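Shown next, in structure tokens, is the structure this report addresses.
The values are calculated or read from the model by the stated rules, or taken from the named source; none is laboratory data. Everything quoted here is computed from the prediction, not taken from an experiment. Please note: Cβ atoms are built from the backbone with ideal geometry, for glycine as well, and neighbour counts cover all protein chains shown. Keep in mind that these areas ignore ligands, DNA and RNA; they rest on the heavy atoms of the full protein, side chains included. Shrake-Rupley method; radii C 1.70, N 1.55, O 1.52, S 1.80 Å.
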Amino acid sequence: MTDILIKELEKDDGTEAVRIVRRSDGVFSYQKVWRRPDGDEVGLYAGLYDSAETAEREARDRIPWLVSQFH
């Protein structure tokens, strides 16, 4: 089973994104993704949450560009 994408928030310049996902183990998380010029992506999970809303709220509070872009 793979992650289920709930929502994606993209940085204005397109170099980064945050994905809110339901992981294969059933919990929610957010994944910070860096996009390379060659098209590859590197991503890291952050936190385990009870809902997609909680994961998104935590990402919006912790990632500087989300704070400035969406608050």
Heavy-atom accessible area of the chain with neighbours in place, 1.4 angstrom probe: carbon+sulfur share in percent works out to 49 percent
For the chain, with every protein chain kept in place, what is the accessible area per residue (1.4 Å probe, Å²)?
-> 63 Å²
Area projected by the alpha carbon convex hull of the chain, averaged over all directions, nm² | 4.7 nm²
Label-to-label distance, nm, for residues given as ARG23 and ASP40 (7 Å Cα→Cβ offset) = 2.4 nm
